[in-house]
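Okay, so here's the structure we're looking at.
Each reported figure results from applying straightforward, stated rules to the coordinates on display, with no laboratory input. Computed from a predicted model, the values in this text were never measured in an experiment. All Cβ positions, glycine included, derive from the backbone under ideal geometry; neighbour counts span all protein chains shown.
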Amino acid sequence: MSSLHIDAIQPLAPGIQPIDRKTAIMLAIEAGGWTISPDTSTVSKEYKAENFAAALNLVNLIGSLALAQKYYPEIQLNGTTVKISITSPEIKGLSRNDFILAAKITRLI
């Protein structure tokens, strides 16, 4: 069982480099089966809700978690589908923080 969801999101150290693809894939699996973009800049996952109200509730749950963590994903709501995308724009790629948030979202859902 992964412990990523327990880890705290930390400020990125100056000069930190994005995570390489191999590490990103391992962390995406550990976070609960998230998908890595082809350019390894984003980790994402889609959830299907039973109806629009349930999807909107999911968006609000994820939003509340993001506010508490002070780390904000992109959230798209399209009917009953919620897509979450996470990246570290300051390093133009992925950091461990992205996978920590992904794991926390997986655990929440």
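Compute the signed sum of charges (Lys and Arg +1, Asp and Glu -1) over the other residues within less than 12 Å, Cβ to Cβ, of Leu65.
Details: positive: Lys70, Lys104, Arg107; negative: none.
Charge balance in the 12 Å sphere: +3.
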(request) Check the chain and count each lysine pair with an alpha-carbon distance under 24 angstrom, considering only pairs eight or more places apart or from different chains. (result) 16
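Could you work out the longest stretch of the chain that avoids the trypsin sites (Lys or Arg not before Pro) located in DSSP loops with at most 13 other Cβ atoms within 10 Å? Don't skip to the answer; put the middle values down first.
Working: sites that count: Lys70, Lys92.
The answer is 1-69.
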(request) Could you tell me the convex hull volume per residue, in Å³, taken over the Cα atoms of the chain? (result) 93
(request) Using Cα centres only, tell me the gap between the range 39-94 and the range 9-38 in whole Å. (result) 16
(message) Using only the alpha-carbon atoms, how far is helix 52-69 inclined from the longest principal axis of the chain? Give it as 0 to 90 degrees, nearest 10.
(response) 30
